[in-house]
Each structure stands twice: as C-alpha cells, then as structure tokens.
Amino acid sequence: MQTLMSIPRCLGIILLLTACFLSTAGCGGGTGERVIAVTGRVTHKDNPVANIVVSFVPKDSTSTGVSTGTTDEDGRYSLTVVKTGQRGAVVGTHKVWVSLPRQEPPPFGGEREKKKKTPAAKTPPPDLAETLKRYGSLDKTPLTVEVGGDQPIDLKLD
C-alpha cells in the first residue's frame, strides 16, 4: 500500500519542480535583457568621422555585453551585439569609446604569400589622433549615453 501512495507524491513533486523551472526559464531562453536597434552619426567639428569603430559598453553588468559598429563615409553607424550578432544594444546606460578598425593578419601560406607585404597600419590624421587620445579608451572616455529610445544616438567627438 505504501508503494501506491509514493508514486502520486513523486509525480506531484516532479510536476511542481518542472513548473518552477519553466516559469523561471521563460519563453525562448532569452536573458530578459531588452536589445533595441541603435544607429547614429559620429562627427568631429561638425565633420563626419569615417571608418572608426564605435563601442557601447553597458555600465551595469549584463549577459548581453558590448555592442559595436563601424562608421561609413558619412560617419553613420549601426550597432551589433558582439556575443550574439543581434542588431542593436541592450537598454541602459553605456560608456562609449572609439578606435581604429583592426587590420586582418596576412593569410598564412607558401612563399608567394610570405613575399607579400603586410599593409601598414593607417596613421590617423592629427585631429583624429587627438580624438582617439580622449575617446579611445574605455577608462578615459568621458562619453556616456542612454540607450532606450528609437531616436538615433549622434556622437560629437569635439
């Protein structure tokens, strides 16, 4: 008789634990952090800053993490979450810093590949070099923005 009574009790406990797990996991397995599309334009002295990487780093700890984008010839950028490839950035306050794009290493290959010269790193123009000194480090950048609306986030690096 005891065996018959323990089966329904075990089943009830299993169902309760399953319900608790499903309610905390949520649908779709997301982190619960809202990511929204972020675009904007980077300027320096009212001129567009082309070919520069813009990085948005959340001030609060998030599982979503950093979002980056590279400016086009008109200084326009669109962010992408580095970890997931999702378009945008997590809602909240971010520190913003900028950098020059990384150069791809030369392909590894035979003698022919070895003879090709690695492209020299581009030296930024003097105005941009000063901008990179001020905004080119997460520790030093004074730039902070709030991600949360659907308006572009324009960055003036003056």
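List of remarks:
- Any chance S61 is open to solvent by 10 Å² or more (accessible area, probe 1.4 Å) and small (G, A, S): yes
- Qualifying residue in region 123-132 (condition: modelled with pLDDT under 85, part of a loop (DSSP other than H, G, I, E, B) and open to solvent by 60 Å² or more (accessible area, probe 1.4 Å)): yes
- For the criterion of being assigned to a strand (DSSP E or B) and either at pLDDT 95 or above or more than 23 Å from D139 (Cα to Cα) (or both), F21 fails.
- Test: V49 is at pLDDT 95 or above, out of contact with any helix residue (DSSP H, G or I) (no Cβ under 6 Å at 6 or more places or on another chain) and at negative phi: no
The values are calculated or read from the model by the stated rules, or taken from the named source; none is laboratory data. These numbers come from a predicted model, not from an experiment. Cβ atoms come from the backbone with ideal geometry, glycine included; neighbour counts cover every protein chain shown. Side chains included, ligands, DNA and RNA excluded: accessible areas come from the protein's heavy atoms. Shrake-Rupley method; radii C 1.70, N 1.55, O 1.52, S 1.80 Å.
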